[in-house]
1. Just to check your reading of the model, which residue among Arg216, Arg242 is away from the ligand (no atom under 13 Å from the Cβ) and in a loop (DSSP other than H, G, I, E, B)?
2. Pick from Ala206, Ala202, Ala234: which is within 12 Å of the ligand (Cβ to nearest atom), modelled with pLDDT of 95 or more and open to solvent by less than 40 Å² (accessible area, probe 1.4 Å)?
3. Give the number of residues within segment 11-34 that are open to solvent by less than 80 Å² (accessible area, probe 1.4 Å) and either without any contact (Cβ under 8 Å) to a residue 24 or more places away in the chain or over 19 Å from Gly140 (Cα atoms) (or both).
4. Any idea how many residues of segment 4-62 are under 30 Å from Glu307 (Cα atoms) and assigned to a loop (DSSP other than H, G, I, E, B)?
5. Take Ser226 and decide whether it is in contact with a strand residue (DSSP E or B) (Cβ under 8 Å, 6 or more places away or on another chain) and in contact (Cβ under 8 Å) with a residue 40 or more places away in the chain.
6. Mind checking which residues of segment 213-229 are open to solvent by less than 40 Å² (accessible area, probe 1.4 Å) and more than 10 Å from Asn161 (Cβ to Cβ)?
7. Could you tell me which residue of segment 1-44 is nearest to Asp58 (Cα to Cα), considering only residues that are touching a His at 6+ places or on another chain (Cβ under 9 Å) and not aliphatic (A, V, I, L, M)?
8. Of (1) of a type in the set (Val, Ile, Thr); (2) surrounded by 15 or more Cβ atoms within 10 Å (Cβ to Cβ); (3) modelled with pLDDT under 95, Thr181 satisfies all except one. Which?
Amino acid sequence: MSRVSERYSRQILFRGIGSEGQQKLAGARVAIVGCGATGSALAALLARAGVGTLRIIDRDYVETSNLQRQSFFDEKDAAESLPKAIADARKISAFNSHIVVEPRVEDLVPGNIEALLEGMQLILDGTDNFETRYLINDYGVQRSLPWIYCAAVGSYAVTLNVLPGQSACLACIFPDSPRGTVDTCETSGILNSAANLVASIAATEALKYIVGNPIRQTLLSFDLWSNEHAEISAAKPRHGCRACGERDFIHLAGEGRPQITLCGRNSVQIHERHRPIDFGEMDQRLQPHGIVRHNEFVLKFWHEPYEMTLFPDGRAIIKGTTDTAVARSLYARYVGS
Ligand SMILES: [Zn+2]
């Protein structure tokens with residue numbers, strides 16, 4: 001038995017996979033958008049299962065408050081403010097060096113979605129917001145690229161497989177963003193087991209899809225605290241759906257979103273392009289104004305009561321405010337307008 005088949009022997013023994021399925025997994029290319037609790041769990045499961053190429057896209061860095069549920073990360077990652085995509089890639093290389101992991105420290109937006117998802121055969125949702133999910137949905141429907149919606153909040157987990165041209169898309173089920181009317185991790189907290197459950201279901205659906213097995217065509221939800229669960233058929237697209245019916249891809253067209261308030265934290269993201277930052281130079285420039293620290297991935301600047309995290313491409317996350325005007329002016333003052 002070769003070393004590769006030895007590694008995956010228990011999975012090859014499983015009738016649904018077999019050695020033929022294992023080979024398909026080795027040739028598979030899967031993107032995971034967002035690597036918080038759900039995304040990290042997805043990455044861990046698929047990397048261990050032997051999915052050949054995983055592209056992990058995340059805009060954020062590891063913090064102590066992540067450690068309760070984001071199983072991949074440790075205290076050292078938080079102390080270093082390591083970008084989550086980089087931390088994930090490092091962890092994976094320690095337990096499976098036979099697969100390719102492509103970390104991308106970027107915010108998925110209309111302007112870069114094509115470059116970030118190019119060459120992928122399946123997209124998995126590890127995000128925490130509907131804005132990005134609708135963007136993925138528009139892209140997937142337009143390109144006939146399947147994707148799997150995943151969400152976990154409180155003790156509740158919900159997931160949907162979107163097979164463009166066959167089953168319902170996200171906009172069929174949720175025509176408008178439920179933003180403002182639904183619970184978020186910030187208001188309701190989250191159990192780590194809810195994120196792990198949704199990741200387990202979605203990772204299994206991903207394996208089934210890759211090996212050519214039919215996949216579930218329902219919106220499936222499960223409340224781990226009450227044990228209530230529900231399944232709604234998603235086998236047919238909704239007549240008149242904006243995305244898959246009328247093919248009106250408003251989220252893909254939505255250029256120019258320079259500021260975003262992040263979910264679950266008292267912070268604002270400033271998304272700038274074409275502003276590569278020289279961390280050494282910036283460190284010098286900011287020294288007189290507060291505490292500065294940087295590594296090769298992020299630069300952190302503390303200026304009471306704010307904390308700014310800068311990425312090499314000019315993107316920044318400013319903590320200590322939810323006012324985009326305040327964040328914008330801090331950025332203009334210290335980084336440039
Ligand atoms: Zn639809």
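The values are calculated or read from the model by the stated rules, or taken from the named source; none is laboratory data. All values reported here derive from a predicted model rather than from experimental measurement. Ideal geometry is used to build each Cβ from the backbone, glycine not excepted, and the neighbour counts take in all protein chains shown. These area figures cover heavy atoms from the full protein model, side chains too; ligands, DNA and RNA do not enter into them. Shrake-Rupley method; radii C 1.70, N 1.55, O 1.52, S 1.80 Å.
1. Every option except Arg216 fails the conditions.
2. Ala234
3. The number of residues fulfilling the criteria is 11.
4. Final tally of qualifying residues: 7.
5. Here the answer is no, as Ser226 does not meet what is asked.
6. Matches in segment 213-229: Ser221, Asp223.
7. Filtering segment 1-44 for residues that are touching a His at 6+ places or on another chain (Cβ under 9 Å) and not aliphatic (A, V, I, L, M), the one nearest to Asp58 (Cα to Cα) comes out as Arg7.
8. (2)
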